[in-house]
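The values are calculated or read from the model by the stated rules, or taken from the named source; none is laboratory data. Values in this document were obtained by computation on a predicted structure and should not be read as measured data. Heads up, the Cβs are rebuilt from the backbone with ideal geometry, glycines too, and the neighbour counts pull from every protein chain shown. All accessible areas refer to the heavy atoms of the entire protein, side chains included, with ligands and DNA or RNA removed. Shrake-Rupley method; radii C 1.70, N 1.55, O 1.52, S 1.80 Å.
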Amino acid sequence: TLQASANQPWTVLTAEQLIAVLDEQISNELIGQDAVARGLDRSTETQRRWAALRRGFFIQEWLRWHQERQEPTAQDVEQFYEQYKQGFREPEWRKLRQIVIGSEAQAKQALAQLLGGTVEFAALAQQISAGPSAAQGGLLADKVMRANEKAFVFPAEADAKAAGVISLDPVLEAAAFAIDKVDSFSNYVKGADNQYHIFQLAELHPEKQRALNEVWDQIKSALTVQKIQGAISDLRKNAKIEQFQERLQLVAQ
């Protein structure tokens, strides 16, 4: 006889464990018989709870039955992938260094120093940048993605924040994403904060199309849920449903 625990491999029960399991089953059976003998199964509260448990059990059985019979085919998965291929794209993102300066004259001077090769970007950021990342050589902690791409990947700003992804205001974005080589600089640009910004491209991660095998299980699960939702919609269409919304108010009070 074998047993399995959550995330644990199957193991053979020892003789002592088998005796303990048998003993537990005997106790449970005796408890059940005594509960019925005492009429506990006939109380209104017990009947209510039993009905809820029974309904929940059949819901799970219905879901399992549909999952077994409506499992998407390989062709279904492949067609979905081709139809929505754009949605399985990982947009380009960058790691940037930034220098933030208060005046245009300072920005021109800083850019001249960088282009002249007389100072490293990180060192200059530590010396003169007013940005919060100055102590880190101007390196922004978060990944930077174009605003429209970020909105496509992360429906909520909180999701993007949790993933460590930010976007810049349009003027700064245009400057930062115009840099085409790692370690190269942008021109200086004035941001919405009335400060002047210079960027250096620290890392470039180009757009990537996720392969079908990477998203196979994800698509299969989505299609299964879609089919089950369709089956539920059919049940609702074919059923006569009466709603007593005034009773909801009583429950809510």
Practice task
Would you please calculate the Kirkwood hydrodynamic radius of the range 1-104 over all C-alpha pairs and express it in Å, rounded to one decimal?
Solution key: 21.5 Å
Problem - Theoretical ellipticity at 222 nm over the chain - DSSP helices of four or more residues, -39500 (n - 2.57) apiece, nearest 500 - result: -17000 deg cm²/dmol
Practice task
Diagonalise the Cα gyration tensor of the range 147-189 and give the resulting equivalent ellipsoid semi-axes, square root of 5 times each eigenvalue, largest first, whole Å.
Solution key: 24, 11, 8
Completion exercise
Per GNM of the chain with C-alpha springs under 10 angstrom, the most fluctuating residue out of E242, E45, E78 is E242
Fill in the blank from the handout: With bins of 5 Å, the percent of all Cα-Cα pairs of the range 145-253 per bin from 0 is 2, 9, 10, 11, 13, 11, 7, 8, 8, 7, 5, 5, 4, 1
Exercise for the section: Kindly provide log₁₀ I(q)/I(0) values, in the same order as q = 0.12, 0.15, 0.21, 0.22 Å⁻¹, from the Debye equation applied to equal alpha-carbon scatterers of the range 39-177. Expected result: -0.72, -0.90, -1.21, -1.25
Handout entry: Dipole of the chain [Lys/Arg +1, Asp/Glu -1 at C-beta], most positive-end residue of S221, S186, W62
Key = W62
Completion exercise
In whole µm²/s, the translational diffusion coefficient that Stokes-Einstein assigns to the range 87-157, given a Kirkwood hydrodynamic radius over C-alpha pairs, 10 °C and 1.306 mPa s, equals 115 µm²/s
Handout entry: Largest-first ordering by accessible area, 1.4 Å probe, given options I198, I232
Key = I232, I198
Handout entry: GNM result for the chain, Cα springs below 10 Å: residue of A202, A151, A51 fluctuating most strongly
Key = A51
Handout entry: Charge dipole magnitude, Cβ of K and R +1, D and E -1 - the range 1-102, Cα centre, debye nearest 20
Key = 700 debye
Exercise for the section: Provide, as a two-decimal number, the C-alpha radius of gyration of the chain over 2.2 N^0.38 Å, N being how many residues it has. Expected result: 1.74
Exercise for the section: Taking the dipole about the Cα centre of the chain, with the C-beta of Lys and Arg at +1 and of Asp and Glu at -1, give me whichever of V12, G137, F152 is farthest to the positive side. Expected result: F152
Exercise for the section: Can you tell me the relative contact order of the chain? Whole percent, Cα pairs under 8 Å, sequence separation 6 or more. Expected result: 21 percent
Fill in the blank from the handout: About its Cα centre, the chain carries a charge dipole, from +1 on Lys and Arg Cβ atoms and -1 on Asp and Glu Cβ atoms, whose size in debye to the nearest 20 is 620 debye
